[in-house]
Amino acid sequence: MARLSSLNASRSDWAHFARWCISRGETAIPASPAAIVDYIQDLAASDEAATVPSRVAAIRDWHRASGLDTPTDDERVRLALTRAEWHRRRAPVHTVPLDAEQLDTILDATPTNLIGLRDRALLLIGYAAALRPSELVSLDVSDLTVVDDGLAVSLMRSDVVIPYGADSELCPVLAWEDWEAAAGLTAGPAFRSVDRDGRLGLTRLGEKAITRIVQHAAERAGLDESRYSALSLRLGTLASTRLG
């Protein structure tokens, strides 16, 4: 009974991990320690950092209930869990919204290479559609379609259409078309890694990578990068909507 009660209590946490695995082509059970480490890092870089202990515990419980070895006992997972909790406790600055003026400043400092084209499209789409970090990283090329009214974005919660921007330099639709064409995207993840030599990766970016992109962009623009994260894009849009 105790084991059943534990599984019922952790069902939503387990479901979150299972969905994460599906979105990245990973096996949820048995899960690999490397996948769990990536999962912890994604959570730690998001607005769900506080859920890391309970979600790792759920992974442990569901493996035990299935009669499998618990990958959460792996030293790499333990270390990632410790680091995530340490960073969460020590963080002195909460994520702040990124307003339109700051976004404009950041985009002015964005390079014109392939990485810059990706970052510009990512930042503008994430801001214009008020996307959660998890939604931004889960986008596939097929989820983004240019239509007469702008850029149609297909999400799990709803579909949205981002209108064309009045300023071509700040237009999410044109930014997406530039990135899509330069990267030769036809299918798969919409936002992917690009190495220092400009080579396009195949795997989708994680939420931690989005935070790094936002922070590096803020730093280039002379802003205090420690104040921003992947969530700043959505928070900025919501804040401007409330003010408007």
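Restricting the search to the stretch 112-158, which residues are within 24 Å of residue 195 (Cα to Cα), polar (S, T, N, Q) and out of contact with any Asp or Glu (no Cβ under 7 Å at 6 or more places or on another chain)? Hits for the stretch 112-158 are 112, 113, 138, 142. At pLDDT below 95, farther than 17 Å from residue 118 by Cβ and of a type outside the set (Ser, Thr, Tyr): does that describe residue 130? When the stated conditions are applied, residue 130 passes them. With respect to (1) open to solvent by 60 Å² or more (accessible area, probe 1.4 Å); (2) on the phi > 0 side of the Ramachandran plot, the lone exception for residue 148 is condition (2).
One residue stands out in the stretch 81-97 among those that are surrounded by fewer than 12 Cβ atoms within 10 Å (Cβ to Cβ) and in a loop (DSSP other than H, G, I, E, B): the one that is modelled with the lowest pLDDT, namely 92. For the stretch 176-221, a residue qualifies if it is out of contact with any Lys or Arg (no Cβ under 8 Å at 6 or more places or on another chain), closer than 22 Å to residue 109 by Cα, in a loop (DSSP other than H, G, I, E, B) and touching a residue at least 12 places away in the same chain (Cβ under 8 Å), and the qualifying residues are 198, 221. Checking each residue in the stretch 208-237 for being open to solvent by 20 Å² or more (accessible area, probe 1.4 Å) and over 15 Å from residue 102 (Cβ atoms) picks out 208, 212.
Kindly establish whether residue 114 is open to solvent by less than 40 Å² (accessible area, probe 1.4 Å), closer than 19 Å to residue 208 by Cα, touching a helix residue (DSSP H, G or I) at 6+ places or on another chain (Cβ under 8 Å) and not small (Gly, Ala, Ser). Taking the combined requirement at face value, the residue does not satisfy it. Selection of first residues in the stretch 60-77 that are over 17 Å from residue 16 (Cβ atoms) and open to solvent by less than 70 Å² (accessible area, probe 1.4 Å) and of second residues that are of a type in the set (Phe, Trp, Tyr) and in a helix (DSSP H, G or I), restricted to Cβ pairs under 9 Å at least 6 apart or on distinct chains, gives the following pairs, ordered by first then second residue: 68/62.
When 157, 227 are checked against the criterion of being under 28 Å from residue 25 (Cβ atoms) and not hydrophobic (A, V, I, L, M, F, W, C), 157 stands alone in meeting it. Only one of the numbered conditions (1) free of Cβ contacts under 8 Å to residues at least 60 places away in the same chain; (2) within 22 Å of residue 229 (Cα to Cα) is violated by residue 134, and that is (1). Within the stretch 32-53, the set of residues being under 30 Å from residue 96 (Cα atoms), open to solvent by 50 Å² or more (accessible area, probe 1.4 Å) and either in a helix (DSSP H, G or I) or not charged (D, E, K, R) (or both) comprises 38, 41, 50, 53. Restricting to the stretch 15-29, what's the tally of residues that are open to solvent by 40 Å² or more (accessible area, probe 1.4 Å), assigned to a loop (DSSP other than H, G, I, E, B) and not polar (S, T, N, Q)? Number satisfying all stated conditions: 3.
The values are calculated or read from the model by the stated rules, or taken from the named source; none is laboratory data. Owing to the predicted nature of the structure, the values given are computational and were not obtained by experimental measurement. Cβ sites come from the backbone with ideal geometry, for glycine too, and all protein chains shown count toward neighbours. Accessible surface areas use protein heavy atoms only, side chains included; no ligands, DNA or RNA. Shrake-Rupley method; radii C 1.70, N 1.55, O 1.52, S 1.80 Å.
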